[in-house]
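Written below as structure tokens is the structure these notes are about.
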Amino acid sequence: MMRAVLAGLVMMALPVELAAQATTAATTEPGRGATEEKICKKRLEIGSLVRKKKECWTKAEWERIAETEQKGAKRTQDELMGGMRCDAAVQPC
């Protein structure tokens, strides 16, 4: 039981630690232009309807996050469809 709790805590802390490392590495890079300044947004925390957390990333990082989230949503939709497509050219719905 205790191992499961510790494993859960480690898994929750890992993304935060990696994000902190990425932010530290990005802010110490020499020659960064004004186009790579941080953009901060407040996003809902998973499991809460009202609690928000502030995330700061560059524009390129925000685009990569959005692309990853879109791919995940698309994959979930495809899995829920069970391979069934509503394409009139292939198969009528």
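Coordinate-derived values only; no laboratory data. Please read these numbers as outputs of a predicted model, since none were measured by experiment. Here Cβ is always computed from backbone atoms with ideal geometry, including for glycine, and neighbour counts include all displayed protein chains.
Quick notes on this structure:
- Packing, taken as the mean count of other beta carbons within 10 Å per residue, orders the peptides 51-63, 69-81 from highest to lowest as 51-63, 69-81.
- Under-5 Å amide H pairs with Thr58, H placed in peptide plane, nonlocal only: Ile39
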